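**Q** One structure, as structure tokens, below. Some questions next.
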Amino acid sequence: MNKFIAIVGSNSNKSTNRELLKYMKKRFQSAAEIELVEIKNLPIYKKSADKYVPQEALDIANKIEAADGVIIATPEYDHSIPAVLSSALAWLSYGIHPFVDKPVMITGASYGSLGSSRAQAQLRQILDSPELKARIMPSSEFLLGHSLQAFDENGDLKDEKIIKQLDGLFQDFLDFVNISKQLNNANEINKQKAKEFSWDKD
Amino acid sequence: MKLVGIAGSIADQSYNRTLLNFMSKHCKGVADIEVLDINQVPMFSQDDDQTNSSVIQKLSNKIKSADGVIIATPEHNHTVPAALKNVIEWLSYEIHPLDGKPVMIVGASYHTQGSSRAQLHLRQILEAPGVNAVVLPGNEFLLGNVKTAFDDNGDLKDQRTIDFLDTTLQKFIKFAKVINMIDADDYEKEDLSATGKTDTTVEGVDMDDPDWLNKAAKKVNAVEGNTYVKLDSGLLTVNQLNYMLKTTPIELTYVDENNQFIYYNRFLPTEKMLAKRTPEQVGDSLTTVHPGKERVIKHVKQVIHMLRSGKTDLVSMPVPGGDSDHHVMHYYKAMHDEEGNYKGVNEWAVDLKPIVNEYLKQTGQMLVPDPNAKVDATSGASKKPDAPVDATASASKEETEKEVKPEVDATSSASKH
């Protein structure tokens, strides 16, 4: 069975993105093992002369390395992903490169009607950068709008249409992960290139 | 023009900070750029709202009182650094200092891209409703290959780059002036009736009560007499404070941030004062002390708005109609707490002529007219004499129309504190 790491893109205790990932973990438990990972205790990303990376970021990196894929749920703050998620991704590409060629599914929830659409678009660009170089599942948007009203008291999504869409996308993701496993001819060289690339080298 | 610069990086070594420092140095005389520090800003979290922390309040106050903001962003993972985004999140959650603020984006990066993608993300971010900044369109300044761009003094080496930066900055200054004009009549919102309240407003006593002082003092159990008061650089009793203030030969007036007149140093009887106050006026709102004086009210609003918004920290005006024996000046100085929050006006009135006479007498000199002097040497802002805006008492007889221009550096002698 595939194992996925699910990153909660918010540091808020009351996060509907966390709720969404919990729901996915429960809903798809027979198809995949999903482990939720929190990033809220990571400090703000800061470069240092000795390239220090916090232990917690290293632990998350190891989990991602070992996983078959990553699911990210992001809220939208000011048309983009929260600083805390941006910061986590910066740590996770600072001398370590767990995301290279890793299949990623992007989801997101927001209180308003747009469901974090612009944050997700930026997140795609970010994950596409040379040091992250993730393999983002193409043409698959899951935008959960009005997220405060979306779940029932058991934490289950209420809207059948949305559940159906999520089911379909998750099945796509499983297929995408399986295909991706065969597309690894360039993996070694990709990893090498990510390692050699640096934002502060020319 | 007063600008603040934010370097998007918190790395110890940041070329974007170098770029801002260069801009600040290079455009001296055209604009005053203060580079702000974002290193100590905590991680944004809805669960731990630190909007009121001193580091965020300081940033917010600096931005609010600036005419524009320049953000220099590096690019990391195709976007702006988390540290920069983090600051913007705090400044768009419970407070919105960037709302309507002219912003110019510049960026430097190690690669040829020169932060192109980060700048586009930043534009989207600044567009968000909670931020609502007004970003200068076009005029992209992308400084690529930054490692070789500066010399040892932190100056840009390439003249064409400098010229382009100059042009861009000039455009931004014009842009900022235009954008700020949208809010130019904001002074109308200044509430001279003091209907709001601050953390020091005494409630439950009518402001216009002639006995406001005693009633308000009782209400707050104010100390008096020989009780000690610890000041920031001294220890005095209330009596000692009074002794000193009442022998300070300058008329001092305290108007708090709620536009309530709460103190003056009564060392002269009312009729002898340059700006006349009576003990019964203490506690009054500024509307009450200017009954039926529409034009004065407008001027007072303009002056207070400039001080409150940080457009300037000092407004000074000569009282017209003086004779050769008197040159009365009114000064209005914004007061702030440690975090830069506006705390009211310190107004003082003083006759400069006796001081000048004393100086001439002691040094054996005399005054002669300067053939090259422009009219109204004290305030270069207008050719006609300015009416005084006595923020507290009714202004003097000649209330000539005076537009307080938004660009006040000419009328004020200082712009920093």
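**Q** I want to confirm something. Restricting to region A:155-201 and keeping residues that are of a type in the set (Asp, Glu) and under 22 Å from residue B:78 (Cβ atoms), which single residue is surrounded by the most Cβ atoms within 10 Å (Cβ to Cβ)?
**A** Across region A:155-201, the extreme among qualifying residues is A:200.
**Q** Look at residue B:117 and say whether it is closer than 25 Å to residue B:149 by Cβ, surrounded by fewer than 23 Cβ atoms within 10 Å (Cβ to Cβ) and more than 9 Å from chain A (Cβ to nearest Cβ).
**A** In short, no.
**Q** Further question: If we scan region B:155-166, do we find a residue that is in a strand (DSSP E or B), more than 10 Å from every other protein chain (Cβ to nearest Cβ) and aromatic (Phe, Trp, Tyr)?
**A** No, region B:155-166 contains no residue that is in a strand (DSSP E or B), more than 10 Å from every other protein chain (Cβ to nearest Cβ) and aromatic (Phe, Trp, Tyr).
**Q** On to the next question. Answer with yes or no whether residue B:292 is at positive phi and in a strand (DSSP E or B).
**A** Here the answer is no, as residue B:292 does not meet what is asked.
**Q** Considering only residues that are free of Cβ contacts under 8 Å to residues at least 12 places away in the same chain and part of a helix (DSSP H, G or I), look in region A:182-202 and name the one that is farthest from residue A:135 (Cα to Cα).
**A** The residue in question is A:196.
**Q** Given the conditions (1) touching a residue at least 24 places away in the same chain (Cβ under 8 Å); (2) of a type in the set (Gly, Ala, Ser); (3) within 14 Å of another protein chain (Cβ to nearest Cβ); (4) open to solvent by 50 Å² or more (accessible area, probe 1.4 Å), and given that residue A:9 satisfies all but one, which numbered condition is not satisfied?
**A** For residue A:9, the exception is condition (4).
**Q** Among the residues of region A:37-90, write down those that are hydroxyl-bearing (Ser, Thr, Tyr), in contact (Cβ under 8 Å) with a residue 24 or more places away in the chain and either more than 30 Å from residue A:113 (Cβ to Cβ) or in a loop (DSSP other than H, G, I, E, B) (or both).
**A** Once the filter is applied, which keeps residues that are hydroxyl-bearing (Ser, Thr, Tyr), in contact (Cβ under 8 Å) with a residue 24 or more places away in the chain and either more than 30 Å from residue A:113 (Cβ to Cβ) or in a loop (DSSP other than H, G, I, E, B) (or both), region A:37-90 yields A:45, A:74.
**Q** Hey, among B:65, B:9, which residue is hydroxyl-bearing (Ser, Thr, Tyr) and either more than 20 Å from residue B:143 (Cα to Cα) or not assigned by TED's automatic domain parsing to the domain that holds residue B:156 (or both)?
**A** Selected residue: B:65, the only one of B:65, B:9 that is hydroxyl-bearing (Ser, Thr, Tyr) and either more than 20 Å from residue B:143 (Cα to Cα) or not assigned by TED's automatic domain parsing to the domain that holds residue B:156 (or both).
**Q** Read through the list (1) open to solvent by 10 Å² or more (accessible area, probe 1.4 Å); (2) more than 14 Å from chain B (Cβ to nearest Cβ), then give the number of the only condition that residue A:109 fails.
**A** The number of the failed condition is (1).
**Q** Condition first: in a helix (DSSP H, G or I), open to solvent by less than 30 Å² (accessible area, probe 1.4 Å), at pLDDT 90 or above and more than 17 Å from residue B:301 (Cα to Cα). Can you find one or more residues in region B:345-363 that meet it?
**A** Yes, some residue in region B:345-363 is in a helix (DSSP H, G or I), open to solvent by less than 30 Å² (accessible area, probe 1.4 Å), at pLDDT 90 or above and more than 17 Å from residue B:301 (Cα to Cα).
**Q** Determine if region A:113-133 includes at least one residue that is within 11 Å of the chain's Cα centre (by Cα) and small (Gly, Ala, Ser).
**A** no
**Q** While we're here: Tell me, yes or no, whether region A:12-34 has at least one residue that is farther than 24 Å from residue A:172 by Cα, open to solvent by 60 Å² or more (accessible area, probe 1.4 Å) and within 14 Å of another protein chain (Cβ to nearest Cβ).
**A** Yes - at least one qualifying residue is present in region A:12-34.
**Q** Just to verify a result, which residue in region B:63-80, among those that are over 27 Å from residue B:31 (Cα atoms) and open to solvent by less than 20 Å² (accessible area, probe 1.4 Å), is farthest from the chain's Cα centre (by Cα)?
**A** In this case the residue turns out to be B:77.
**Q** Only one of these is farther than 16 Å from residue A:65 by Cα, open to solvent by 30 Å² or more (accessible area, probe 1.4 Å), more than 13 Å from chain B (Cβ to nearest Cβ) and at pLDDT 90 or above: A:125, A:149. Name it.
**A** Result: A:149 is the single residue among A:125, A:149 that is farther than 16 Å from residue A:65 by Cα, open to solvent by 30 Å² or more (accessible area, probe 1.4 Å), more than 13 Å from chain B (Cβ to nearest Cβ) and at pLDDT 90 or above.
**Q** Also: Out of the residues in region B:7-35 meeting the condition of being within 14 Å of another protein chain (Cβ to nearest Cβ) and among the aliphatic types (A, V, I, L, M), tell me which one is surrounded by the most Cβ atoms within 10 Å (Cβ to Cβ).
**A** B:7
**Q** Among the candidates B:93, B:110, single out the residue that is open to solvent by 40 Å² or more (accessible area, probe 1.4 Å), part of a loop (DSSP other than H, G, I, E, B) and facing chain A (nearest Cβ under 10 Å).
**A** The conditions single out B:93.
**Q** Kindly establish whether residue A:135 is open to solvent by less than 60 Å² (accessible area, probe 1.4 Å), in contact with a helix residue (DSSP H, G or I) (Cβ under 8 Å, 6 or more places away or on another chain) and basic (Lys, Arg).
**A** Taking the combined requirement at face value, the residue satisfies it.
**Q** Can you tell me which of B:297, B:304 is part of a helix (DSSP H, G or I), out of contact with any His (no Cβ under 9 Å at 6 or more places or on another chain) and open to solvent by less than 40 Å² (accessible area, probe 1.4 Å)?
**A** On inspection, the qualifying residue turns out to be B:304.
**Q** If only one of B:133, B:118, B:108 is among the small types (Gly, Ala, Ser) and over 30 Å from residue A:131 (Cα atoms), which one is it?
**A** B:133
**Q** Tell me, please, whether a residue that is modelled with pLDDT of 95 or more, open to solvent by 50 Å² or more (accessible area, probe 1.4 Å) and more than 29 Å from residue A:162 (Cα to Cα) can be found in region A:64-80.
**A** yes
**Q** Considering each residue of region B:51-89, count those that are touching a residue at least 24 places away in the same chain (Cβ under 8 Å), out of contact with any Asp or Glu (no Cβ under 9 Å at 6 or more places or on another chain), at the interface with chain A (Cβ under 9 Å from one of its Cβ atoms) and assigned to a helix (DSSP H, G or I), and give that number.
**A** Here the count works out to 4.
**Q** Something else now. Taking residue A:88, is it within 14 Å of chain B (Cβ to nearest Cβ), under 26 Å from residue B:89 (Cα atoms) and among the hydrophobic types (A, V, I, L, M, F, W, C)?
**A** yes
**Q** Right, something else. For residues in region B:40-52 being in contact with a Lys or Arg (Cβ under 9 Å, 6 or more places away or on another chain) and not small (Gly, Ala, Ser), which is surrounded by the fewest Cβ atoms within 10 Å (Cβ to Cβ)?
**A** B:47
**Q** Scanning region B:137-152 for residues that are loosely packed, with under 13 Cβ neighbours inside 10 Å and out of contact with any Phe, Trp or Tyr (no Cβ under 9 Å at 6 or more places or on another chain), which turns out farthest from residue B:127 (Cα to Cα)?
**A** Filtering first and then ranking leaves B:152.
Okay, residues lined up against (1) at pLDDT below 95; (2) hydroxyl-bearing (Ser, Thr, Tyr):
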site	(1), (2)
B:115	yes, yes
B:124	no, no
B:142	yes, no
B:149	yes, no
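The values are calculated or read from the model by the stated rules, or taken from the named source; none is laboratory data. Quick caveat, the model's predicted, so the values are computed rather than measured. Quick reminder, even Gly has a Cβ in these numbers, built from the backbone with ideal geometry, and neighbours come from all protein chains shown. The accessibility values were calculated without ligands, DNA or RNA, using every heavy atom of the protein model including side chains. Shrake-Rupley method; radii C 1.70, N 1.55, O 1.52, S 1.80 Å.
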